[in-house]
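Notes for the one structure printed next.
The values are calculated or read from the model by the stated rules, or taken from the named source; none is laboratory data. Quick caveat: nothing in here was measured; it's all calculated off a predicted structure. When we count neighbours, we look across all protein chains shown, and the Cβ atoms used for this are built from the backbone with ideal geometry, even at glycine. Side chains included, ligands, DNA and RNA excluded: accessible areas come from the protein's heavy atoms. Shrake-Rupley method; radii C 1.70, N 1.55, O 1.52, S 1.80 Å.
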Amino acid sequence: MKFRKLLGSTLALATLAYVTPAVAADAAKDFPTRPIRMIVPNAPGSSVDTLSRIVGTKLADVIGQQVVLDNRAGAAGVIGMEIARSANPDGYTMISATTAASTIARILQKNPTFDPVKDYDHVLQFAETPNILVVNPSLPIKSVKELIDFTKARQGKVNMASAGAGSQSHLSGAYFLQAANFESLHVPYKGGGPSVASVVGNESQWTLTPAPAVMSHVTAGRLRAIGHSLPKATPLLANIPPIADTIPGFDYSGWQGFFMPKGTPKAISDKLRAAVIKTMEQPDVKKQFGFQATEIVIRGPAEFRKVVQDSMVKNERVVKAVGLTAN
């Protein structure tokens, strides 16, 4: 009797394993049948949140289901990445992954709690984001050199804002300080929105942060942009010079894309990828990304995974170069 039960269980498991791909394919045909959760491991008002909302709104139109943003800020993105890693891989959770939350935050953990290469399925990259160097417009600063000179003359009295320890704005700012050989007091805030607001209010005097977090303020005159982190001039930032014009070789920008929990059926992730690509082709999305000074860059799973791997290597070098230590 025990042998029959064991044989029956074995056959059942074998049958289940055999039909799983077909079942997954059938499920993908009707996918999605309910709203999709997009985990954003950053606070509202951050650059990641801004781009995620642009894409999520239009993606909902393409797939015919609501895309619900779930902001899970904290620990420089670690909290959101951990929640995403443990989510049900049924296709109804996607992660808005970025340079900071996926790679920098992990590097700064003494005991990393996730691996951005191994613990997720990579759907696609959809953007590259330059960092913009902005100052409060009331200050007599209109160039990178003037910021450096102004800060050197007021040691300890000029604040650099960041979205928090381990954020992209923290690392890019620290890298800039080292490359330009000057000091400024680092003031970490709880997210990109509050850090940018501090510069608008002159509580902090400058920040080097992803473009989508500041471009609306620059356009409105609430902030003055004096440089960007791309290695050379770009039409996206026609009136803003590269920091590299003042500090030769300076180059530090980020990326954004979508992960899904490991084990999500390939047919579903393929369908979602196609929907995102269609979304990024919409004229309104292209216009909004242009307004955010962000370039639309589409890379598939294998190429995107390599971007993540290379980002890990580059950011480890930067972290060591600026002297940051793991917590």
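Spelling out what I want: for every residue of region 208-216, take phi, set θ = phi - 60°, compute 6.51 cos²θ - 1.76 cosθ + 1.60 (Karplus), and round to whole Hz; glycine and proline get x.
Residue by residue, region 208-216 yields 10, 9, x, 3, x, 6, 10, 4, 5 Hz.
So how compact is the chain: Cα radius of gyration and Dmax in angstrom?
21.9, 88
How about Lys152: which lysines have a C-alpha closer than 19 Å to its C-alpha, ignoring those fewer than 8 places off in the same chain?
The qualifying lysines are Lys142.
Hey, got a sec? Which trypsin sites (Lys or Arg not before Pro) in region 86-119 land in a DSSP loop and have at most 12 other Cβ atoms within 10 Å?
Taking region 86-119 and a limit of 12 other Cβ atoms within 10 Å, the loop trypsin sites (Lys or Arg not before Pro) found are Lys110, Lys118.
Quick one: plug the Kirkwood hydrodynamic radius of region 175-266 (C-alpha pairs) into Stokes-Einstein at 10 °C, 1.306 mPa s, and report D in µm²/s.
Answer, rounded: 104 µm²/s.
Probe 1.4 Å, all protein chains in place: accessible area of Phe126 in Å², nearest 10?
Result for Phe126: roughly 0 Å² accessible.
Residue by residue through region 181-186, what is 3J(HN,Hα) from phi via Karplus (6.51 cos²θ - 1.76 cosθ + 1.60, θ = phi - 60°)? Round to whole Hz and write x for glycine and proline.
Computed from phi, the couplings for region 181-186 are 6, 8, 10, 8, 6, 7 Hz.
List the lysines whose Cα lies under 16 Å from the Cα of Lys287, skipping any in the same chain that are fewer than 8 positions away.
Candidates past the 8-residue exclusion: Lys58, Lys278.
Under a 10 Å cutoff between Cα atoms, tell me which one of Ala274, Ala211, Ala127 has the largest fluctuation in the Gaussian network model of the chain.
Looking only at Ala274, Ala211, Ala127, the largest GNM fluctuation is found for Ala274.
Connecting C-alpha atoms closer than 10 Å in a GNM of the chain, tell me which of Pro248, Pro212, Pro301 has the biggest fluctuation.
Fluctuation is largest for Pro248.
Sorted from largest down, what three extents in whole angstroms do the Cα atoms of region 97-253 have along their principal axes?
48, 35, 30
In terms of the Cα gyration tensor, with a ≥ b ≥ c the square roots of its eigenvalues, is region 27-113 rounded because a/c is under 1.5, prolate because a/b exceeds b/c, or oblate?
Oblate, because a/c is 1.5 or more while a/b does not exceed b/c.
Please identify every one of the GluC sites (Glu not before Pro) in region 241-315 that sits in a loop by DSSP and has no more than 14 other beta carbons within 10 Å of its own beta carbon.
Taking region 241-315 and a limit of 14 other Cβ atoms within 10 Å, the loop GluC sites (Glu not before Pro) found are Glu281.
Which aspartates and glutamates have a Cα less than 18 Å from the Cα of Lys266, not counting those fewer than 8 places away in the same chain?
Asp26, Asp30, Asp90, Asp119, Asp121, Glu303
Can you list residues from other chains, or at least 5 along the same chain, whose modelled amide H is less than 5 Å from the amide H of Val123?
The list, which skips near neighbours in sequence, is Phe258, Phe259, Met260.
With a probe of 1.4 Å, find how much accessible area region 286-327 has per residue, and write the answer as a whole number in Å².
59
Compute the distribution of all C-alpha to C-alpha distances in region 116-174, in bins of 5 Å from 0, and list the percent of pairs in each, rounded to whole numbers.
Cα pair-distance distribution for region 116-174, in percent: 3, 14, 17, 20, 17, 10, 5, 6, 7, 2.
With θ taken as phi - 60° and the coefficients 6.51, -1.76 and 1.60, list the Karplus ³J(HN,Hα) couplings across region 297-307 in order, rounded to whole Hz; mark glycine and proline as x.
10, 9, 10, x, x, 5, 5, 5, 4, 5, 4
Who wins for biggest fluctuation among Ala293, Ala28, Ala105 in a Gaussian network model of the chain, springs between alpha carbons below 10 Å?
Highest fluctuation among the options: Ala28.
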